Amino acid sequence: MSLVLDAAAQDLLFREARTANSFSDEPVTDEQVQAIYELVKFGPTAYNQSPLRITLVRSPEARERLVKHLAEGNQAKTAAAPLVAILSADNEFHEELPQLLPHFPQAKDAFFSERPVREQAALLNAALQAAYFIIGVRAAGLAAGPMTGLDFVGVQKEFLDDDHTPLMVVNIGKPGEDAWFPRSPRLSFDEVVTTV
């Protein structure tokens, strides 16, 4: 193998990891979520902009408010998941750039003074961070059930504000019985990679 990461870690993060559709009753603690974030925050983003924001949906009332905005096939599993996170992009991430990019604090105004530019950058880079988050959940020995089958406008109005764009909802926990659908095929190396 050409990979440094051992086979067990490769399996945990990629080969054996799947999108979970059911979860056990074992709770997901704030300490686990913090450990996940403390790992995945190091994933790269352009200009270190780090626009991902995470809203943990813990209370039964908040869960009920969220479930009504999900596609029908996502409602029951989200209602039963130990923890649910709304991942969103902060379109005002540039306000943090003087702290996050101290060697080039003028990037805030030089590149991100216009809202449409910020929205595009936030969407791309928060999506990168969402992928890191899913891998971090797996690294914690938990399963993730990311979903984009939802009413994005409804979720934004219910939980966020105009400066935050929802990306996805992620159910998190230990997998339950029959958690996995059969693995879907993947494209081969030759179908994806071109050398020029």
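Observations on the model:
- Calculated over segment 129-196, the projected area of the Cα convex hull averaged across directions stands at 7.9 nm².
- The Stokes-Einstein estimate for segment 67-176, based on a Kirkwood radius over Cα pairs and taken at 20 °C with 1.002 mPa s viscosity, is a diffusion coefficient of 140 µm²/s.
- Measuring r between the beta carbons of residue 183 and residue 157 and using R0 = 30 Å, the FRET efficiency lands at 0.25.
- All C-alpha pair distances within segment 35-105, sorted into 5 Å bins from zero, spread as 3, 14, 19, 18, 13, 13, 11, 6, 3, 1 percent across the bins.
- Gained length - residue 62 relative to residue 6, 0.36 nm times residue gap less alpha-carbon distance: 16.2 nm
- Our estimate of slack between residue 119 and residue 92, defined as 0.36 nm per intervening residue step minus the Cα-Cα distance, is 8.9 nm.
- Derived value for the chain: Kirkwood hydrodynamic radius 18.2 Å. Basis is the mean of 1/r over every pair of different alpha-carbon atoms.
- For the residues 71, 121, 85, a GNM of the chain with alpha-carbon springs under 10 Å puts the largest fluctuation on 71.
- Each of residue 75 and residue 174 was given a label point 7 Å from its Cα along the Cα-to-Cβ line. The distance between the two points is 2.9 nm.
- Solvent-accessible surface of segment 137-196, taken per residue with a 1.4 Å probe and all protein chains present: 63 Å².
- Surface share of carbon and sulfur [accessible, 1.4 angstrom probe, percent] for the chain: 57 percent
- Among the protein heavy atoms, those of residue 16 account for about 130 Å² of accessible surface (1.4 Å probe, every chain in place).
- Rounded accessible area of residue 148 (nearest 10 Å², 1.4 Å probe): 90 Å²
- Taking a Cβ cut-off of under 9 Å around residue 84, the surrounding Lys, Arg, Asp and Glu residues balance to a net charge of +2, with basic ones at +1 and acidic ones at -1.
The values are calculated or read from the model by the stated rules, or taken from the named source; none is laboratory data. Everything quoted here is computed from the prediction, not taken from an experiment. Note: ideal-geometry Cβ built from the backbone for every residue, glycine included; neighbour counts use all protein chains shown. Side chains included, ligands, DNA and RNA excluded: accessible areas come from the protein's heavy atoms. Shrake-Rupley method; radii C 1.70, N 1.55, O 1.52, S 1.80 Å.
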